[in-house]
Amino acid sequence: MAKITPRETDYSKWYIDIINHAKLADYAPVKGCMVIRPNGYAIWEIMQSTLDKMFKDTGHVNAYFPMLIPQSFLSREAQHVEGFAKECAVVTHSRLISTENGVEVDPSSKLEEPLILRPTSETMIWEMYGKWIQSYRDLPILINQWANVMRWEMRTRLFLRTTEFLWQEGHTAHATAEEAEAETRQMLDVYATFAEEYMAMPVIKGRKTESEKFAGADVTYCIEAMMQDRKALQAGTSHNLGQNFSKAFDVRFQDKDNTLKFPYSTSWGVSTRLVGALIMAHSDDLGLVLPPKMAQTQVVIIPIARKDDEFAEVSVVAEQLYVQLKAAGLGVKLDDDRKQKPGWKFSEYELLGIPLRIDLGPRDIANGEVVLARRDTQEKSTVPMEGLVEHISQLLETMQSDIYKKALAFRDAHIFPADDYQVFKEIIGNEKGWVRAGWNGDAEVESKIKEETKATIRCIPFEQPENLGKCIYTGEPAKYEVLFAKAY
RNA sequence: CGGGAUGUAGCGCAGCUUGGUAGCGUACCUCGCUUGGAACGAGGGGGUCGCAGGUUCAAAUCCUGUCAUCCCGACCA
């Protein structure tokens, strides 16, 4: 009996089943808030540590800013407040009092100014940058923050959109527009590299349209990934904020030419949504599929033995193997728990997405070999004990690249060029995939298409064709070729 | 926030129409037997039936309200 519902019938149920069965997360008894269980958090930890290193390699440092933002800060930047006003949790009181009904808010503790639980930290950070920046010598500031944020979304989905989520937000300040643009693009590249090389998830880099960009940004760049139900997921964003926040917070620096200037800024972030992306990009009906670089446990050893003496014999070899693999720097687990039988363990580790399994029994020891089972392809092979560590290291690399290739082939097979609106509607309507089509650049047209088909422009890809063709909606000459898709 | 569905043991569900002792599968505990794909046998523990009111001699069941989750919209990372 399969634990996971086949995704053909109900994709959303399939996704939730994997999260439940693999014990990745639960909803908390608080509106839209998620409890990330150890299995799920382990994935986030790997994402964190990998990204953190990439940020530091590009010259960034970590800092921390408060979670509570005075309400007045949020209204400083007009577009910003408009973008976030509708989804803020607000702290209005500071005290509770005991009553016969339990505790109640103490009306006398009402705050003079309400505090907002940060939906993002631009405002708090720019308030502080104002105190830190005086001269061009103070620039650039290249800071990242690992934090939680809250957005009171109407509809939540585990990992993809929860009321509270974990993320990192980079906030940089620069003396020139060119530097800020270069930073914005650099961080987008960092995200794309991370998604493709570590998460084995191909992404398309591009620019958001005016209507889809971040509230308060001049330009928003993004990476878009295709999930197995062919919907698009925004996996990371990098914003060039121009001088919007420095002006809103009146932050100026004295430049080399003795004049006062507003610095240019960027912000960029990825969130626990990436864990959801990873689940939806690779999992199958047996459960989670983790690319080796995203797995804390990459190899699990299952000893197989009938009697106690057999088990003792197998354990000795299993221990040796464990030590060898560990020494080679691999994440390895030896499951010598005798309370569960091998068959149970096989399915359990498949559910958890452990990339590679080693079955080791008396038969194998007699033959000087082991059975290797790949999670991604479910292939089993018998390989000699001799040179096993090297073989496994190579196999994990192969798997990492195979999982990427599979996702890439899937994505490319479901992106369709279209120059006819009927064809467009047919593809989007039947959820066949994404459409690559011309667009005249008119926001009105973009909104009409969204209204009629539910497809949004995911991005204007950096890679544009030589000949742009015509706008899918109006037939006018296209200004860009863009990606249309239904999105999460 | 609008439309639809659901809420009963850790998980998955039946019972509700027609009110009358709280059920099944699985998981868990004990003993035995087992271990190369989710063993088997016997015994056992576990429930404010989402929550709050109401109707009734009696409510998981009927009524009202409310909360939560899922799906479809609107909103968004």
So residue A:128, is it closer than 21 Å to residue A:217 by Cα and modelled with pLDDT under 95:
no
Quick check: anything in region A:208-224 under 30 Å from residue A:397 (Cα atoms), crowded, with 19+ Cβ neighbours inside 10 Å and polar (S, T, N, Q)?
no
Say whether the condition of being near RNA strand B (Cβ under 9 Å from one of its atoms), modelled with pLDDT of 95 or more, among the hydroxyl-bearing types (Ser, Thr, Tyr) and touching a strand residue (DSSP E or B) at 6+ places or on another chain (Cβ under 8 Å) is met by at least one residue in region A:214-225.
yes
If you scan region A:407-457, which residues turn out to be polar (S, T, N, Q) and not in a helix (DSSP H, G or I)?
A:430, A:440, A:456
Which condition does residue A:274 not pass, out of (1) within 30 Å of residue A:361 (Cα to Cα); (2) buried (at least 24 other Cβ atoms within 10 Å of the Cβ); (3) within 13 Å of RNA strand B (Cβ to nearest atom), if it passes all the others?
(1)
Taking region A:29-45 and keeping residues under 22 Å from residue A:270 (Cβ atoms) and without any contact (Cβ under 8 Å) to a residue 60 or more places away in the chain leaves A:35, A:37, A:38, A:41
Output the residues belonging to region A:316-342 that are among the β-branched types (Val, Ile, Thr) and farther than 15 Å from residue A:365 by Cβ.
A:323, A:332
Kindly state which strands (runs of 3 or more DSSP E) lie completely within region A:93-210 and contain at least 2 residues that are farther than 23 Å from residue A:234 by Cα and touching a strand residue (DSSP E or B) at 6+ places or on another chain (Cβ under 7 Å).
A:96-99, A:102-105, A:110-117, A:141-150, A:164-174
Does residue A:455 count as closer than 19 Å to residue A:235 by Cα, at pLDDT below 95 and either buried (at least 21 other Cβ atoms within 10 Å of the Cβ) or in contact with an Asp or Glu (Cβ under 8 Å, 6 or more places away or on another chain) (or both)?
yes
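The values are calculated or read from the model by the stated rules, or taken from the named source; none is laboratory data. Since the structure is predicted, the reported quantities are computational estimates derived from the model, not experimental observations. Cβ sites come from the backbone with ideal geometry, for glycine too, and all protein chains shown count toward neighbours.
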